[in-house]
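Nothing in this text is a laboratory measurement; each read-out follows from the coordinates by a stated rule. Quick caveat, the model's predicted, so the values are computed rather than measured. Virtual Cβ from ideal backbone geometry, glycine too; neighbours counted across all protein chains shown.
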Amino acid sequence: MTISDMLLGCLVMFAVTYATKAVGLLLVKKRITNKYVQSFLYYLPYSVLAVMVFPDIFFSTSFFWSGLAGTLVALLLSYFRCGLLPVALASIATVYLVEQICFLVC
């Protein structure tokens, strides 16, 4: 992933986040009470970020298996509601260990 890809991703994320907030502020004068609309506007930026980042997780490492292992560890720890820092550190450590194992085996 190059710096231009990262900047483009940040720009798209900014545009989606800004658009969802601006639409809510400009077009709706009353408070939104519909739970489905509130949920949609709240989770839309996160889902766009996930869609942009998720495919690159598997192919940003030297081996597909290390990306897969790091993703599985992150999903498992997130499922058990661990904090962001422990999830990130455990995923990084998993990717590192699997990369080292793959380099020794291959």
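Of the candidates ALA22, ALA15, the single residue that is among the aliphatic types (A, V, I, L, M), within 26 Å of PHE58 (Cα to Cα) and part of a helix (DSSP H, G or I) is ALA15. Inside the range 49-106, residues that are more than 13 Å from the chain's Cα centre (by Cα), of a type in the set (Val, Ile, Thr) and part of a helix (DSSP H, G or I) make up a count of 7. Restricted to the range 7-40, and to residues that are of a type in the set (S, T, N, Q) and in contact with a helix residue (DSSP H, G or I) (Cβ under 7 Å, 6 or more places away or on another chain), which residue is surrounded by the most Cβ atoms within 10 Å (Cβ to Cβ)? Within the range 7-40, the match that is surrounded by the most Cβ atoms within 10 Å (Cβ to Cβ) is THR20.
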